[in-house]
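A short write-up of the structure that comes next.
The values are calculated or read from the model by the stated rules, or taken from the named source; none is laboratory data. Predicted model only: the values in this text are computed from it and were never measured. Note: ideal-geometry Cβ built from the backbone for every residue, glycine included; neighbour counts use all protein chains shown.
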Amino acid sequence: MEKIVFLGDSITAGFENLKQFPNVINMGVGGDKTIEVIGRLNSVTLEKPDKLFLMVGINDFTTNKGKWGDHLRIPFYQSYELVLDILKLSLPKTKFIVMAILPVNVSDIVLESEVDQFNEELDQINNKIKVLAEQRKMEYINFANSFKDKNNRLKDEFTIDGTHLTEAGYELFLNEILKYLDWTLKKVRMKILTFYCFLLVL
């Protein structure tokens, strides 16, 4: 059975649906930016996963917008590249799936007057992340559009606070990545096979 690691911030940390898969290790930490992820990559590489999903960047973005983190500013593309390079160098046999940053909606830190501009910028950042991932022959998936309303914002039904996901949001997240969880597909096929065998016995 494949060992799969999910690495990221609070979006990943709150992905409770992953607990149903015994081969998945959730290494999301709330509040993490790329610089914190870099600091704990040794704990990731020790796991030697067969497959690693990465989603990080929204906290870098809001920090650089001055929304939190005091006066901290992060050279995001450089730090993101460093995350990818360390992972690639340290885990040469691992398959990497790099995921786009999800959109945001109005919240305690994102104002109505700036949310649309923020989401446009996040789209641009995701385009750059795609390039960085593909340069390193890592798979890139962008399902952000599935989470967007007609105004390019994170749909109300998918968020509890404009950034973090609801149960419905995580259900959509799971559906978007299900095909990458080989163990899950095998489990589904086994259930179908068992069902047909049962019908044959009848």
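Things to note:
- Within segment 143-156, the only residue that satisfies the criterion of being surrounded by 13 or more Cβ atoms within 10 Å (Cβ to Cβ) and more than 16 Å from Gly169 (Cβ to Cβ) is Asn152.
- Against the list (1) surrounded by fewer than 19 Cβ atoms within 10 Å (Cβ to Cβ); (2) more than 22 Å from Glu2 (Cβ to Cβ), the condition Thr63 fails is (1).
- Every residue from segment 106-138 that is charged (D, E, K, R) and in contact with a helix residue (DSSP H, G or I) (Cβ under 7 Å, 6 or more places away or on another chain): Lys128, Arg136
- Check on Ile4, of a type in the set (A, V, I, L, M, F, W, C) and either modelled with pLDDT under 95 or within 18 Å of the chain's Cα centre (by Cα) (or both): yes
- The residues of segment 116-140 that are part of a helix (DSSP H, G or I) and free of Cβ contacts under 8 Å to residues at least 40 places away in the same chain, listed by number, are Asp116, Gln117, Asn119, Glu120, Asp123, Gln124, Asn126, Asn127, Lys130, Val131, Glu134, Gln135.
- Members of segment 39-60 that are surrounded by 15 or more Cβ atoms within 10 Å (Cβ to Cβ) and among the aliphatic types (A, V, I, L, M): Leu41, Val44, Leu52, Leu54, Met55, Val56, Ile58
- Taken together, Asp108, Asp123 contain a single residue that is surrounded by 16 or more Cβ atoms within 10 Å (Cβ to Cβ), over 20 Å from Glu36 (Cβ atoms) and of a type in the set (Asp, Glu), which is Asp123.
- Hey, Arg189 over 18 Å from Leu18 (Cα atoms) and at pLDDT below 95 or not: yes
- Wholly within segment 1-111, helices (runs of 4 or more DSSP H) carrying at least 3 residues that are within 25 Å of Gly169 (Cα to Cα) and touching a residue at least 40 places away in the same chain (Cβ under 8 Å): 10-13, 58-64
- Taking (1) closer than 23 Å to Lys95 by Cβ; (2) modelled with pLDDT of 95 or more; (3) within 16 Å of the chain's Cα centre (by Cα) in turn, Leu122 satisfies each apart from (1).
- Extreme residue, nearest to Val115 (Cα to Cα), among residues of segment 46-96 that are in contact with a Leu (Cβ under 6 Å, 6 or more places away or on another chain) and polar (S, T, N, Q): Thr63
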